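Take a look at the structure set out below.
The values are calculated or read from the model by the stated rules, or taken from the named source; none is laboratory data. For clarity, every value in this text was computed on a predicted model and none was experimentally measured. Methodologically, a virtual Cβ is constructed for each residue, glycine included, from the backbone with ideal geometry; neighbour enumeration extends over all protein chains shown.
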């Protein structure tokens with residue numbers, strides 16, 4: 001790493017007495033310390049590089065290595081097993097189901113959550129007072145901790161207490177324990193995911209809507225375009241980048257899903273509601289199968305990298321098209 | 001046309017109120033649930049309590065354990081914010097204002113973290129924290145949180161720093177002002193809004209973090225509140241009145257903070273959206 005001075009030279013022409021070889025070494029160094037880029041670099045960059053390398057890059061690289069061992073976490077990994085961890089992961093129906101659940105979350109987000117968020121965003125896009133209040137309300141579920149949201153909904157879904165019990169009580173039905181029924185549990189979880197994160201997409205869409213110039217909309221209105229035509233042919237096409245971005249965040253969010261699952265179902269019934277991360281936690285960390293867990297983590301990283309690359313390609317193409 | 005506009009207005013209001021109701025209903029049920037008796041919770045989830053029970057709330061508020069957990073979370077959050085802001089602003093400053101060989105490479109390296117979210121890396125991070133002997137310490141939570149905040153914070157800050165007027169730095173350098181002084185006296189004071197955004201985002205992230213403390217902290221006395229609330233729920237699993245009171249008490253600071261810092265939270269989200 002070679003340092004060069006940017007716009008100003010550290011040995012400045014205004015002070016020729018320092019530039020000459022006659023000046024003693026230390027004062028010059030003192031001056032460099034005060035004005036040169038080198039000390040700043042040496043002081044400012046290493047903390048970030050160190051922390052980032054030690055706690056992000058290094059662990060990730062290590063998991064590539066550990067993934068090839070059968071390792072319970074005690075001592076150094078010694079039992080090299082080649083690709084068998086990966087084979088086991090691919091053949092595990094629970095892991096496949098977890099991956100399927102992640103994709104289900106993305107699908108529900110794309111098919112239900114994003115359209116609703118977009119619709120609400122367009123309704124509250126003018127910065128009127130009432131709209132600001134509605135925006136704040138829609139955003140509240142997003143700012144609550146996942147754990148808290150999970151517990152509240154666990155209560156609402158509880159067959160003896162809560163909303164399900166109350167509604168069934170009105171009709172005189174026997175309340176089901178939704179979270180204990182395979183099939184239903186995942187659907188119930190998806191409802192919570194939609195409820196929790198809709199405000200996030202809404203905030204993105206409101207920001208995206210503000211980039212659509214009102215002049216264009218006004219002139220279309222003068223030309224006699226209906227509200228629906230304006231939305232369909234002007235606003236939505238112009239918001240396409242934000243919608244893609246929102247979709248990207250859904251994918252990314254889906255592969256982080258954990259905190260909601262633990263209080264709601266813990267992955268049960270019959271391990272049917274795991275996400276990739278809750279699978280990783282339950283079958284890797286909790287049981288100290290660190291070699292196997294590393295292999296699963298590695299698969300997750302690869303998925304993330306692929307998603308990122310796809311997204312960059314997609315956006316770049318969008319940018320070029322415009 | 002005359003008829004259609006009010007029609008749209010009615011339908012719009014109806015839908016907005018419906019959506020707002022659906023957003024608030026679970027929260028309302030939790031807040032009011034903390035005041036209810038067990039019988040009420042069975043049959044009356046949404047209405048006001050038939051008799052108001054304050055014991056659920058009071059018994060939590062007088063428990064030192066509750067305050068200890070909030071204190072632990074506050075300590076972790078405070079240092080996470082402090083280090084995130086300090087370390088990332090220093091790195092962003094060098095990447096924005098200094099010229100040196102390998103700058104692009106370093107900038108690219110430090111933004112690698114945007115690729116994978118923390119949750120996917122929890123197992124390797126757990127191994128790392130354990131190998132450093134940081135299990136069951138505050139630092140085992142703080143340092144990885146800072147590390148995983150860096151990429152995003154640096155992207156945000158660097159973008160902002162680069163927008164600051166160049167003339168200011170040139171003038172300062174001409175006057176013999178060192179880079180350290182420029183950083184401290186010019187860049188940081190001018191960047192308060194973005195620093196606030198970074199601070200708020202890392203504060204919320206740390207305060208709500210569940211997964212990392214879950215895998216690194218064992219001792220009850222170090223529990224952060226998300227761990228504590230899960231333990232509490234395990235203890236009083238069917239005593240929903242107590243659990244909901246606990247839930248509500250942890251929601252209050254979150255919502256109050258959100259209302260106070262709304263501007264910065266939304267700014268952080270949308271800035272992230274632009275930078276990707």
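Laid out as a table, the results:
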item	result
Out of B:221, B:237, sole residue that is outside any helix (DSSP H, G or I) and more than 7 Å from chain A (Cβ to nearest Cβ)	B:237
Residue within segment A:162-183 that is within 18 Å of the chain's Cα centre (by Cα) and closer than 25 Å to residue A:280 by Cβ present	no
Scan of segment A:15-48 for residues that are modelled with pLDDT of 75 or more and surrounded by fewer than 17 Cβ atoms within 10 Å (Cβ to Cβ), ordered by number	A:42, A:43, A:46
Of residues in segment B:124-142 being at the interface with chain A (Cβ under 7 Å from one of its Cβ atoms) and without any contact (Cβ under 8 Å) to a residue 12 or more places away in the chain, the one nearest to residue A:60 (Cα to Cα)	B:124
Test: residue in segment B:247-266 that is free of Cβ contacts under 8 Å to residues at least 24 places away in the same chain and not in a helix (DSSP H, G or I)	no
Qualifying residues in segment A:66-88 (those that are surrounded by fewer than 20 Cβ atoms within 10 Å (Cβ to Cβ), part of a helix (DSSP H, G or I) and in contact (Cβ under 8 Å) with a residue 12 or more places away in the chain) - the one farthest from the chain's Cα centre (by Cα)	A:84
Candidates B:92, B:121, filtered to the one that is modelled with pLDDT under 90 and within 25 Å of the chain's Cα centre (by Cα)	B:121
Verdict on residue A:192 being touching a residue at least 24 places away in the same chain (Cβ under 8 Å) and assigned to a helix (DSSP H, G or I)	yes
Qualifying residue in segment B:147-155 (condition: free of Cβ contacts under 8 Å to residues at least 40 places away in the same chain, surrounded by 13 or more Cβ atoms within 10 Å (Cβ to Cβ), within 12 Å of another protein chain (Cβ to nearest Cβ) and over 22 Å from residue B:81 (Cα atoms))	no
Within segment A:248-264, tally of residues that are part of a helix (DSSP H, G or I) and touching a helix residue (DSSP H, G or I) at 6+ places or on another chain (Cβ under 6 Å)	7
Filtered residue count, segment A:281-291, keeping only those that are more than 10 Å from chain B (Cβ to nearest Cβ) and either without any contact (Cβ under 8 Å) to a residue 12 or more places away in the chain or crowded, with 23+ Cβ neighbours inside 10 Å (or both)	2
Residue in segment B:61-82 that is more than 7 Å from chain A (Cβ to nearest Cβ), without any contact (Cβ under 8 Å) to a residue 12 or more places away in the chain, surrounded by fewer than 24 Cβ atoms within 10 Å (Cβ to Cβ) and not in a helix (DSSP H, G or I) present	yes
